[in-house]
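J.: My questions all concern the structure below.
The values are calculated or read from the model by the stated rules, or taken from the named source; none is laboratory data. Computed from a predicted structure; not experimentally measured. Virtual Cβ from ideal backbone geometry, glycine too; neighbours counted across all protein chains shown. All accessible areas refer to the heavy atoms of the entire protein, side chains included, with ligands and DNA or RNA removed. Shrake-Rupley method; radii C 1.70, N 1.55, O 1.52, S 1.80 Å.
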Amino acid sequence: MQKKSEYIFKYPPNLQELDLATMVSMYRDRGEPRRAAPGKYLACAVTQKLLKNAKWWFGIYYSQPAWDSLLTKSSEGYPLTEAELNLLGLLLTLDEEPPQREYVEKNLGVLPKLGYLIVNDLRQFGFINEDDYGCLSITTAGERALQGICRRLYGKRFTPEMLELYHIDPSFARKTTSSNDQPSLF
């Protein structure tokens, strides 16, 4: 599926080089305000302007207006990435038989350790629920957040073709594709 925009937060592609403690620390510190040292400046990744104060995302700095513009509709201030799209979309797609947490963590397109952190955060934000057996389900707020990031990236509502797993696992693609290719007229 063709993307209309790439204007969202992204995790660094070489995150696997970090040890777990460093990755957790960087993950927990994302979005925190940073102040430049005296006589120094920070540069906004979006506007390229020099700043004394900025928000931090895995070593990248953003001005407050740039940070706000990267947040997607209905995200409640949570910085959504494609990993969160994959998580929320997977839960929406498999809502009839909620998947186990481990399955979801392994199929987000990021390291399973990072997937664990993302699942915990989305649960705390109220975007997903986890039952006593480790099965995950999406909430109404999670569905709204999913639609917000899908509209930003693809310019339309969520479809299973937007998921990374859809393109990697043919059996998943077959499960999500309707057996009746003719659209309903009613």
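J.: How many of the residues making up segment 66-79 are surrounded by 13 or more Cβ atoms within 10 Å (Cβ to Cβ) and free of Cβ contacts under 8 Å to residues at least 12 places away in the same chain?
T.: Adding up the residues that qualify gives 1.
J.: Just need a number here: residues in segment 64-106 that are within 19 Å of C135 (Cα to Cα) and part of a loop (DSSP other than H, G, I, E, B). Give the derivation first.
T.: To start, the set of residues in segment 64-106 that are within 19 Å of C135 (Cα to Cα) comprises 83-106.
From what is left, the residues that are part of a loop (DSSP other than H, G, I, E, B) are 94-99.
Adding up the residues that qualify gives 6.
For every residue, the table says whether it meets (1) farther than 22 Å from L70 by Cα; (2) among the aromatic types (F, W, Y).
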position: V119; (1), (2): no, no
position: G126; (1), (2): no, no
position: Y133; (1), (2): yes, yes
position: I138; (1), (2): yes, no
position: G155; (1), (2): no, no
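J.: Also, quick follow-up: Restricting segment 80-106 to residues that are open to solvent by 30 Å² or more (accessible area, probe 1.4 Å) and free of Cβ contacts under 8 Å to residues at least 60 places away in the same chain, which is nearest to C150 (Cα to Cα)? Walk me through it before giving the result.
T.: Quick first cut of segment 80-106, residues open to solvent by 30 Å² or more (accessible area, probe 1.4 Å) only: 82, 92-93, 95-98, 100, 102-103, 106.
Filter once more, keeping what is free of Cβ contacts under 8 Å to residues at least 60 places away in the same chain: 95-98, 100, 102-103, 106.
On the way: D95: 18, E96: 21, E97: 23, P98: 21, Q100: 24, E102: 24, Y103: 22, K106: 21 Å.
Here the answer is D95.
J.: Quick one: count up the residues across segment 4-28 that are under 17 Å from L71 (Cα atoms) and open to solvent by less than 60 Å² (accessible area, probe 1.4 Å).
T.: Total satisfying the criteria: 5.
J.: Something else now. Would you check which residues across segment 123-137 are without any contact (Cβ under 8 Å) to a residue 40 or more places away in the chain and either touching a Phe, Trp or Tyr at 6+ places or on another chain (Cβ under 6 Å) or assigned to a strand (DSSP E or B) (or both) and list them?
T.: Matches in segment 123-137: N129, E130, C135.
J.: Let me ask you something else. What is the one condition in (1) surrounded by 20 or more Cβ atoms within 10 Å (Cβ to Cβ); (2) in contact with a strand residue (DSSP E or B) (Cβ under 9 Å, 6 or more places away or on another chain); (3) aromatic (F, W, Y) that Y133 does not satisfy?
T.: (1)
J.: I'd like to check something: does segment 107-121 contain any residue that is part of a loop (DSSP other than H, G, I, E, B), out of contact with any helix residue (DSSP H, G or I) (no Cβ under 7 Å at 6 or more places or on another chain) and surrounded by fewer than 20 Cβ atoms within 10 Å (Cβ to Cβ)?
T.: no
J.: Across segment 29-57, what is the number of residues that are more than 19 Å from R152 (Cβ to Cβ), part of a strand (DSSP E or B) and either of a type in the set (G, A, S) or open to solvent by less than 60 Å² (accessible area, probe 1.4 Å) (or both)?
T.: 5
J.: Please determine whether any residue of segment 58-65 is more than 20 Å from Y166 (Cα to Cα) and either small (G, A, S) or open to solvent by less than 10 Å² (accessible area, probe 1.4 Å) (or both).
T.: yes
J.: Another question, if that's okay. Could you identify the single residue in L18, L51 that is more than 23 Å from the chain's Cα centre (by Cα) and over 21 Å from I149 (Cα atoms)?
T.: That would be L51, the only listed residue that is more than 23 Å from the chain's Cα centre (by Cα) and over 21 Å from I149 (Cα atoms).
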